[in-house]
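Below you'll find the structure, written out as structure tokens, and then a few comments.
The values are calculated or read from the model by the stated rules, or taken from the named source; none is laboratory data. Remember, it's a predicted structure, so these values are computed and weren't measured experimentally. As a convention, Cβ positions derive from the backbone with ideal geometry for all residues, glycine included, and neighbour counts pool all protein chains shown. For the accessible areas, the whole protein counts, side chains as well, though only heavy atoms, and no ligand, DNA or RNA atoms are used. Shrake-Rupley method; radii C 1.70, N 1.55, O 1.52, S 1.80 Å.
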Amino acid sequence: VSNSCGSKTDTIEVFKKCDFEIYMPNAFTPNNDGLNDFLGVSGFNKNHLIELRIYNRWGEIVFKTSDINKRWNGNFKGLQQPGGVYIYYLEMENFSGKKVTKKGGVTLIR
């Protein structure tokens, strides 16, 4: 849009459907090499994040967020966690207002 005061541009994204699959990685390597150093909700997810929780083998929550931009760095209480499988529970809401959950394992590789 342009007029004598200036011009502005904007974009919108229109989707054909309201339901989207939830994508989560199955492994990450928090070794500070710049590749897969953090675990979080992928940008490919179009759904609204309600909560992501990650549990260790003893059932302790080692990471929890409702902010889609926050990622887990593999630490808990300031300590690096050992390599192994951690369980995640992800709750999201799609564009039609339906809650969608996904749970599974993710491997922390040291």
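R0 = 22 Å: FRET efficiency of Tyr23 with Arg110, Cβ-based, nearest 0.05? Intermediate results must be reported in sequence, preceding the final value.
On the way: r = 24 Å, r/R0 = 1.08.
Computed FRET efficiency for Tyr23 and Arg110: 0.40.
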- If you look for lysine pairs in the chain that are eight or more places apart or on different chains, how many of them have Cα atoms under 24 Å apart? 25
- Item | Along the chain, longest interval not containing exposed GluC sites (Glu not before Pro), exposed being DSSP loop plus at most 13 other Cβ atoms within 10 Å | 61-110
- Item | Surface share of carbon and sulfur [accessible, 1.4 angstrom probe, percent] for region 68-110 | 51 percent
- Message: Explain nothing, just the number: dipole magnitude of the chain about its Cα centre with +1 on each Lys and Arg Cβ and -1 on each Asp and Glu Cβ, in debye rounded to the nearest 20.
- Response: 240 debye
- Message: Using protein chains only and a probe of 1.4 angstrom, how many square angstrom of Arg110 are accessible, to the nearest 10?
- Response: 120 Å²
- Message: Calculate log10 I(q)/I(0) of the chain for q = 0.16 Å⁻¹, where I(q) comes from the Debye formula with a single equal point scatterer on each Cα and nothing for solvent.
- Response: -0.75
